[in-house]
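Let me begin by presenting the structure, written as structure tokens, before commenting on it.
Please treat every number below as a calculation from the coordinates, not as lab data. The model shown is predicted, which means the values in this text are computed figures rather than measured ones. Using ideal geometry, Cβ is built from the backbone for each residue, glycine included, and neighbour counts are taken over all protein chains shown.
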Amino acid sequence: MAEIDLEAEYNNRERVPDHPELIAGWAKDADDYRKARPDAKLDQVYGPSPRNLFDFFPAQDGSPAQRLTALFIHGGYWQALDKSFFSHMARGMNTRGFDVVIANYSLCPTISVDGITSEMRQLAAHVHRLTGRKLSVFGHSAGGHLTAALMATDWSAHEMPSDLVTAAMPVSGLFDLAPLVPTSVNKALGLDEASARAASPISAPKPSSGRYIAVVGGAESSEYLRQSRLLTSLWQGPALSGELDILEGANHFTVILPFADPSSTLVASLAGISSTL
């Protein structure tokens, strides 16, 4: 069997030559959505670090009130981008009656992957204290990893309801970090085999309950497809339901676009698992 070229498998920017235009499109759409939502609360503080900020987009007026708050976590291999590229990810869920939080976090190498996970736990707890609601979490790439990590968290150890996060949609998520160790991605992360395993959601005890959908683009690399298949094979149980959704034709940068479309199947699926809990 041929050896897998892990550098090629995980270098999404090389795989998608028009990624600069796609990322610029994210930034424009995000800016347009912020301008259209003067009621949004931007740059809210949840922790001591300069990047410990979030944006809060309330549900659209007239939309049905939902019991959960949705939290979106951006990607960028834990070392790039920020919330300003992703405001429009709130549009679909806002239209369906969900308040949406768009997260920011500190970036490697100034912090470890575990440190970022801790920041996202801090944010989730902060949002719960503000709203009194449980959370539905969705995130992309590194944000997919963080989404799964929040679902696997023992929240009772953080003085939070044990079922704080019981609905999740990790998109193009990274759940087994060991393959990243020999790649250029790891230069900023500083992972070794042991720390990569420890930071991998598949190494943590699986959630005891909840619903999730692991989404991945059909045009993504075989490793990204493997990652989502692996999670859905391992994370199943009597009260834990997981599904795999492969978006045919979508690459690593287009797979999240449906979140900005209130009529998309992806938004309907996320709203569905978030409305039944």
Name the residues in the range 194-203 that are surrounded by 15 or more Cβ atoms within 10 Å (Cβ to Cβ) and of a type in the set (A, V, I, L, M), would you?
A196, A199, I202
Could you check I116 against (1) surrounded by 16 or more Cβ atoms within 10 Å (Cβ to Cβ); (2) of a type in the set (V, I, T); (3) farther than 28 Å from L180 by Cβ and say which number it fails?
(3)
Picked from the range 144-155 (must be under 9 Å from the mean Cα position of the chain (by Cα) and farther than 19 Å from S269 by Cβ), the residue surrounded by the most Cβ atoms within 10 Å (Cβ to Cβ) is L146
When (1) in a loop (DSSP other than H, G, I, E, B); (2) among the acidic types (D, E); (3) touching a strand residue (DSSP E or B) at 6+ places or on another chain (Cβ under 9 Å) are applied to D43, the one that fails is (1)
Please specify each residue of the range 76-93 satisfying the condition of being in contact (Cβ under 8 Å) with a residue 40 or more places away in the chain and assigned to a helix (DSSP H, G or I).
S84, F85, S87, H88, M89, A90, R91, G92, M93
Among the residues that make up the range 1-23, is at least one of them over 30 Å from V181 (Cβ atoms), within 20 Å of the chain's Cα centre (by Cα) and not in a loop (DSSP other than H, G, I, E, B)?
no
Hey, among N94, N11, N52, which residue is in contact with a Phe, Trp or Tyr (Cβ under 9 Å, 6 or more places away or on another chain), closer than 25 Å to G115 by Cα and not basic (K, R)?
N52
Select from the range 48-75 the residues that are surrounded by fewer than 22 Cβ atoms within 10 Å (Cβ to Cβ), assigned to a loop (DSSP other than H, G, I, E, B) and touching a strand residue (DSSP E or B) at 6+ places or on another chain (Cβ under 9 Å) and list them in ascending order.
N52, P58, A59, Q66
Take T95 and tell me if it is touching a helix residue (DSSP H, G or I) at 6+ places or on another chain (Cβ under 9 Å) and closer than 19 Å to I202 by Cα.
no
If you go through the range 163-186 one residue at a time, do you hit one that is more than 15 Å from H140 (Cβ to Cβ) and out of contact with any helix residue (DSSP H, G or I) (no Cβ under 9 Å at 6 or more places or on another chain)?
no
With the requirement that a residue be in a strand (DSSP E or B) and hydrophobic (A, V, I, L, M, F, W, C), what does the range 200-221 give you?
I213, A214, V215, V216
What tally of residues in the range 156-174 results from selecting those that are buried (at least 22 other Cβ atoms within 10 Å of the Cβ) and outside any loop (DSSP other than H, G, I, E, B)?
7
Whichever residue in the range 222-245 is hydrophobic (A, V, I, L, M, F, W, C) and in a loop (DSSP other than H, G, I, E, B) and, among such residues, is surrounded by the fewest Cβ atoms within 10 Å (Cβ to Cβ):
A239
Do we have any residue at all in the range 238-250 that's closer than 14 Å to A214 by Cα, in contact (Cβ under 8 Å) with a residue 60 or more places away in the chain, small (G, A, S) and in contact with a strand residue (DSSP E or B) (Cβ under 9 Å, 6 or more places away or on another chain)?
no
Note on the range 246-273: residues buried (at least 16 other Cβ atoms within 10 Å of the Cβ), of a type in the set (S, T, N, Q) and assigned to a helix (DSSP H, G or I) are S269
Mind counting the residues in the range 204-221 that are surrounded by fewer than 22 Cβ atoms within 10 Å (Cβ to Cβ) and of a type in the set (S, T, Y)?
2
